[in-house]
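Reviewing the structure listed below.
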């Protein structure tokens, strides 16, 4: 996959993560463990964006995708163990995880 295409898909994933973070913070009743894992995912996405903003290093982009996918795994697990949560939050967590997982598997 070309570096520019990876970058575009990574930026889309970053946008999805930011939306998830906003949703979790605005909803009542989201368990703290889920909020924390989503906050960590969002922070990691921001750090990756800042670090990789102008890079053309494909390997660095792949590594960032791998790290974000691992963080989304933790958010997914927190969501699954949270019990009953708002459907929109659950759907957003799964959508974010699926997007990062598809990107990671496409790169490997």
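Bear in mind that the values in this text are calculations on the coordinates, not laboratory data. These numbers come from a predicted model, not from an experiment. Cβ coordinates were reconstructed from backbone atoms using ideal geometry, including for glycine residues, and neighbour counts include every protein chain displayed.
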Relative to the first principal axis of the alpha-carbon coordinates of the chain, what is the inclination of helix 58-81, with its axis defined by its Cα atoms, in degrees from 0 to 90 and to the nearest 10? 10
Calculate the FRET efficiency for residue 25 and residue 84 from the Cβ-Cβ distance with a Förster distance of 22 Å, rounded to the nearest 0.05. 0.70
Using the alpha-carbon atoms, what tilt in degrees (0 to 90, nearest 10) does helix 87-107 show relative to the longest principal axis of the chain? 20
Using the alpha-carbon atoms, what tilt in degrees (0 to 90, nearest 10) does helix 32-52 show relative to the longest principal axis of the chain? 20
Going highest first, how would you order 45-56, 87-98 by mean Cβ packing within 10 Å? 87-98, 45-56
